[in-house]
1. Taking the Cα centre of region 1-129 as the origin, how large is its charge dipole in debye, to the nearest 20, when only Lys and Arg (+1) and Asp and Glu (-1) carry charge on their Cβ atoms?
2. In the chain, what percentage of the DSSP-assigned beta bridges are antiparallel, given to the nearest 5?
3. Looking at the square roots a ≥ b ≥ c of the eigenvalues of the Cα gyration tensor of region 176-219, which shape do they give, rounded for a/c under 1.5, prolate if a/b is larger than b/c, or oblate?
4. With N residues in region 1-45, what two-decimal value do you get for its Cα radius of gyration over 2.2 N^0.38 Å?
5. Determine the shape class of region 61-116: with a ≥ b ≥ c the square roots of the Cα gyration tensor eigenvalues, call it rounded for a/c under 1.5, and otherwise prolate if a/b is greater than b/c, oblate otherwise.
6. Shape verdict for region 118-161, please, from the Cα gyration tensor: rounded (a/c under 1.5), prolate (a/b greater than b/c) or oblate.
7. Along the principal axes of its C-alpha atoms, what lengths does the chain span, in descending order and rounded to whole Å?
8. I need two numbers for region 1-142: Rg to one decimal and Dmax as a whole number, Cα atoms only, in Å.
Amino acid sequence: MSPAVVAHRGASAERAEHTLAAYELAVQQGADALECDVRLSRDHQLVCIHDRSVARTSDGRGLVSELTLAELAELDYSQVKPKRRGASVPPPSAEPAGLLLLDDLLDLVASTPSPIRLFVETKHPVRFGGLVEQALLHTLARHGLDRPAAKETSPVVMMSFASSAVRRVRAQAPALPTVLLLDRLDRSTRQGVLPPWADYTGPGIHLLRSDPDYVRRAADHGNQTYCWTVDDSADIELCAELGVSFLATNRPAATRSALSGARSTTVPTA
């Protein structure tokens with residue numbers, strides 16, 4: 001089975017990341033799921049922004065945690081600056097883009113004709129610590145999403161690189177599925193083992209390139225794999241071959257096309 005295509009910050013190779021336009025395009029392109037990052041504003045409102053600062057993704061300056069929701073809402077998020085020299089960015093938008101709240105994204109998920117999941121990453125370290133997870137769970141509760149009937153069909157999945165954050169969510173919302181994101185493998189995770197409060201393992205694609213057997217070891221311990229962030233055709237093919245369950249990509253349409261091509265060229269064995 002091909003990996004589920006997860007639109008990383010929306011269709012962020014074609015629209016400014018974390019904008020409503022990026023997520024609407026991802027839905028139109030047939031993404032199986034959406035991914036977003038959340039942070040708290042100074043007045044404890046959940047906003048969809050990846051960086052600590054608004055400088056790269058808006059026309060403003062300052063730390064998200066030091067700006068109020070009203071101040072963040074005054075900025076234009078339609079243009080994205082490269083993280084480093086030579087890095088790709090989406091084409092300029094002719095129209096300004098407003099701040100995206102997690103509430104807005106949950107409304108989009110609820111209004112899609114076909115079921116679509118939302119992977120929500122809480123960012124750490126942050127000045128507000130565990131208040132980020134608390135705010136997330138309060139928001140999900142308002143939308144009736146904090147107590148899914150089954151983890152496999154939950155519309156929302158929580159993620160974090162911070163094991164403590166994942167643990168906090170598991171303690172307060174035991175039925176909500178979680179991903180422990182990994183940018184390196186330690187002695188325990190290298191064997192495919194996860195702490196009991198994590199449901200899925202979340203390695204970066206760099207880890208699978210260097211240790212492709214990791215997906216099998218994780219599966220041997222009952223852990224499915226969420227891999228980030230996969231845009232290159234060779235990496236997409238690798239994830240499909242290894243049995244990755246969820247593939248986060250900035251290019252959902254191109255990635256889905258590549259996965260379809262990989263399926264069509266596979267020769268069945270007797």
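1. Values: 14 positive and 18 negative charges, 139 e Å.
Value, rounded to 20: 660 debye.
2. Values: 4 of 33 bridges.
Counting only bridges with both partners in the chain, antiparallel ones make up about 10 percent.
3. On the way: a/c = 1.82, a/b = 1.57, b/c = 1.16.
Prolate.
4. On the way: Rg = 12.2 Å, N = 45, 2.2 N^0.38 = 9.3 Å.
Normalised Cα radius of gyration, region 1-45: 1.31.
5. Details: a/c = 2.09, a/b = 1.26, b/c = 1.66.
Note, shape of region 61-116 comes out oblate.
6. On the way: a/c = 3.21, a/b = 1.68, b/c = 1.92.
It comes out oblate by the Cα gyration axes.
7. 62, 42, 38
8. 14.7, 45
Taken together, the values in this text are just the output of simple stated rules run on the coordinates, not laboratory data. On a predicted model such as this, the values are computed, not experimentally measured, just so you know. With ideal geometry, Cβ positions are generated from the backbone for all residues, glycine too; neighbour counts draw on all protein chains shown.
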